[in-house]
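Read through the structure below, which is laid out as C-alpha cells, and then see the notes.
Coordinate-derived values only; no laboratory data. Since we're looking at a predicted model, the values are computed, not measured. Neighbour counts are summed over all protein chains in view; Cβ atoms, including those assigned to glycine, are modelled from backbone coordinates with ideal geometry.
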Amino acid sequence: MKLTKQQIAFIDIFLMEKNIKYLDVRFELLDHLVSDFENYDNIDLNKYLNSKINFINNFTEKRKSSIHWSYQKQLWLRFFDFFIKIKYVYISILSFMYTYILVFKFETKTALLLAFIPICIMQVISWFFAYNFKNKENKKLISALYIANIMSLPSLFLYVVTPIKDILNQNKILFFIYCFVGICLNIAGLIEVSLKRKATLKKYKILLSN
C-alpha cells in the first residue's frame, strides 16, 4: 500500500508526539515504518502505528547504544591505522620519539607534565568540536550528542595516573607504553571527533532538505 505525502507527514507527527526528538532517529524510524507499512494491504495507518509503539520506544535506546559502540570501534580502528596504514604511520613514529625522550630523558614528574600537555590540548579541542555547533538544530541529532563520548576512553589517561604513579615511576617500560598509548589514542580520538562532526553537519543538511 503506497503512502501519500499526507500519510508520511502523519507518521512524522505521530513520532514527534511519542517524544522522538532526535532528527536522525526520527528520520530512520520514519523510513522504516513507511517501508514496513507499504508491505501490508488494507490496514488502517493509525492502528498500524499504535501496534508499533513498543518498537518505537525501544528504537531510540538501541540507536544510542549502537552509535556509542560504533564510535568506540572507529576510535580503535583509527588508533591501529597509525601502525598499519602508510599515510598515518608518521603519527606513531613522532609519538614514539616524543614519548621516548620524555620517559628516558626526564624525571617522572616532568615527563608526565610534558605528556599531559598535548593530551589536555587535544581534549579541549575535541570538546570544542563536539559542542560548538553554530546551528542549535544539530544538537537534535543523536549522532551529534554522542560525539563527545569518543574522548571518554582517551581522557582516562589523565585520571588513572594518580593511583598508578608509583608503578609507572618504578617501571620505565610500562611508563613509556602508558604515555605512548595515551598520546596516540587521544590523537585518534581528536581525528574521529573532527570527522564525525563534519559527517553530522552533512547529515543535518540532508535531513533538512527532506
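Give the residue from I43, L29, I13 lying farthest towards the positive end of the charge dipole for the range 5-51; charges sit on Cβ (+1 for Lys and Arg, -1 for Asp and Glu) and the dipole is referred to the Cα centre.
I13
Aspartates and glutamates within cross-link reach of K18: Cα-Cα under 17 Å, excluding same-chain residues under 8 positions apart?
By straight Cα distance, K18 reaches E28, D31, E61.
Mind ranking 2-11, 70-79 by how tightly packed they are, going by the mean number of other C-beta atoms within 10 angstrom, highest first?
The peptides rank, most packed first, as 70-79, 2-11.
Using helices alone, what [θ] at 222 nm do you get for the chain, with -39,500 (n - 2.57) per DSSP H run of 4 or more residues, divided over all residues and rounded to the nearest 500?
Details: 10 runs with 167 residues, N = 210.
So the helix-based figure for the chain works out to -26500 deg cm²/dmol.
Set the bar at 28 Å for Cα to Cα. Now go through K62/K198; K52/K196; K47/K202 and name every pair that lies beyond it. Provide the component values of the computation, followed by the final result.
Working: K62/K198 23 Å; K52/K196 31 Å; K47/K202 35 Å.
From the list (K62/K198; K52/K196; K47/K202), the Cα-Cα distance tops 28 Å for K52/K196; K47/K202.
Could you tell me which residue out of L112, Y159, N132 lies farthest along the dipole of the range 67-209 toward its positive end? Charges go on the beta carbon: Lys and Arg +1, Asp and Glu -1, centred on the Cα centre.
Positive-end residue among those listed: N132.
Let me check I've understood the local charge: for N50, count other residues with C-beta under 12 angstrom from its C-beta, Lys and Arg +1, Asp and Glu -1. What total comes out? Mind showing how you got there, number by number?
Values: positive: K18, K47, K52; negative: E17, D44.
Surrounding charge for N50 is +1.
Let me know the Rg and Dmax you get for the chain when you use only its Cα atoms, in Å.
According to the Cα coordinates of the chain, Rg and Dmax are 23.0, 77 Å.
Please turn the phi angles of the range 182-192 into ³J(HN,Hα) values with the Karplus equation 6.51 cos²θ - 1.76 cosθ + 1.60 (θ = phi - 60°), one per residue in order, whole Hz, x for glycine and proline.
Per residue, the Karplus-derived 3J(HN,Hα) values read x, 5, 5, 5, 5, 5, 4, x, 4, 4, 5 Hz.
What is the magnitude of the charge dipole of the chain about its Cα centre, with +1 placed on the Cβ of each Lys and Arg, -1 on the Cβ of each Asp and Glu, and no other charges, expressed in debye to the nearest 20? Please list the in-between numbers first.
On the way: 28 positive and 15 negative charges, 107 e Å.
For this selection, approximately 520 debye.
GNM on the chain, C-alpha springs below 10 Å: top fluctuator among P154, P163, P118?
Between P154, P163, P118, it is P163 that shows the largest mean-square fluctuation.
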